[in-house]
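Please treat every number below as a calculation from the coordinates, not as lab data. Model, not experiment: these values are computed from the prediction. Neighbour counts are summed over all protein chains in view; Cβ atoms, including those assigned to glycine, are modelled from backbone coordinates with ideal geometry.
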Amino acid sequence: MPRYAYRCVGCMNQFTAFHGFNDTTNCPQCGSPVCERIPSVGFSVSGFVQEHKEKTGEKVEKFIEDSKEELKQQRKDLEDKR
């Protein structure tokens, strides 16, 4: 069953409800049958964003480590040329 987000017109309570497409729901706080459905995006990106941040962080750390190694090698090459 799909999950729908609602806002009660009477008490402004926001809540979610699981039910069929044509079913209606009452506010769990005040019992009012007058509730408006809050439009949803249709999918969640929060998990994607967190995963992207983690992958980006890993790439940055790897870049820093690679840069440190490259800098060490360049210093060694310069010292060897002296």
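Between region 1-43 and region 58-74, how far is it from one alpha carbon centroid to the other, in angstrom?
Cα centroid of region 1-43 versus Cα centroid of region 58-74: 52 Å apart.
Which residues does a label at residue 30 reach in region 5-24, if reach means a backbone N under 20 Å from a point 7 Å past the Cα toward the Cβ?
Taking a point 7 Å out along Cα→Cβ of residue 30, the residues of region 5-24 whose backbone N falls under 20 Å are 5-17, 24.
For each of 82, 37, count neighbouring Cβ atoms within 10 Å of the residue's Cβ, then give the residues from fewest to most.
Starting with the residue having the fewest Cβ neighbours, the order is 82, 37.
When all alpha-carbon pairs of the chain are counted, what percent fall beyond 18 Å?
Considering the chain, 66 percent of its Cα-Cα pairs are separated by more than 18 Å.
What angle, in degrees between 0 and 90 and rounded to the nearest 10, separates the Cα long axis of helix 46-81 from the longest principal axis of the Cα atoms of the chain?
10
Listing 15, 63 from the residue with the fewest other Cβ atoms within 10 Å to the one with the most, what is the order?
63, 15
Ignoring everything except DSSP H segments at least 4 long, calculate the 222 nm mean residue ellipticity for the chain; use -39,500 (n - 2.57) per segment, divide by total residues, nearest 500.
Result for the chain, helices only: -16000 deg cm²/dmol.
In debye, nearest 20: dipole of the chain around its Cα centre with unit charges on the Cβ of K, R (+) and D, E (-)?
140
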